[in-house]
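All remarks here apply to the structure that follows.
The numbers here are math on the coordinates, done by the rules we state, and not lab data. Here the structure is a predicted model, which means the values were calculated and not measured. Note: ideal-geometry Cβ built from the backbone for every residue, glycine included; neighbour counts use all protein chains shown.
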Amino acid sequence: MQNARMDTVQSEIAATAARLVVEEGMEYGPAKRRAVKQMRLGTRAALPDNDAVEDAVREYIDIFHADTQPVELQALRRLAVTWMERLADFRPYLGGAVWHGTATRLSDIYIQLFCDDSKSAEIALIEHRVDYVPRTVTGFTGESVEALSISSMSPDLGEPIGVHLLIYDHDDLRGALRPDHKGRSPRGNLAAVRALLEGGDHG
């Protein structure tokens, strides 16, 4: 009985977090913590995993944004392709909601670069006079990685979108391509993202 109640609470947290992700553009972690606060559950509440939140996000989009989200997703993927083409020398891979198909116009774009020299991508941005903000984020290995954050105008959406370039060592690429536990590719290269655009795939 207690397990069933815990599952119900986790489902409610996931649903509340999903609304925050879609309507406010929050990341999963902060959205789960805000959901717990809004539901007044206390800090010891068991949080749903990211898969549960992703499922809830897809459900929320299907119910409330089925008419607008596919167009917004395609616009974000087109902008991602633009940056991946510009940064082709650094082996760009698209990850996150834009790759998996759950992104809306409030979502940021996450591109992972696998560089021979960790400073080479940053130097390329400087040479092309691209304004960026350096920061440290948690990477897919759980370790801290450098990220270069850019604000880039989406011609289709008519508004600026956050584009985050996560800098990895070239040797990290092999581990980055292992399928996730659902058997999906966790990220895609330029050819794969172009294929999504051409096929109109919505994730």
| field | From the C-alpha gyration tensor of segment 69-199, square roots of 5λ in Å | value | 21, 19, 13
| Is the shape of segment 2-64 best called rounded, prolate or oblate, per the rule: a/c under 1.5 gives rounded, else a/b larger than b/c gives prolate, else oblate, with a ≥ b ≥ c the square roots of the Cα gyration tensor eigenvalues? | oblate
| With Cβ to Cβ distances under 14 Å as the rule, what net charge do the other residues near Pro30 carry (K, R +1; D, E -1)? | +1
| remark: Taking only C-alpha positions in segment 47-103, Rg and Dmax in angstrom work out to 13.6, 40
| message | Can you tell me which lysines have their Cα less than 23 Å from the Cα of Lys182? Leave out same-chain residues fewer than eight positions away. | response | Lys32
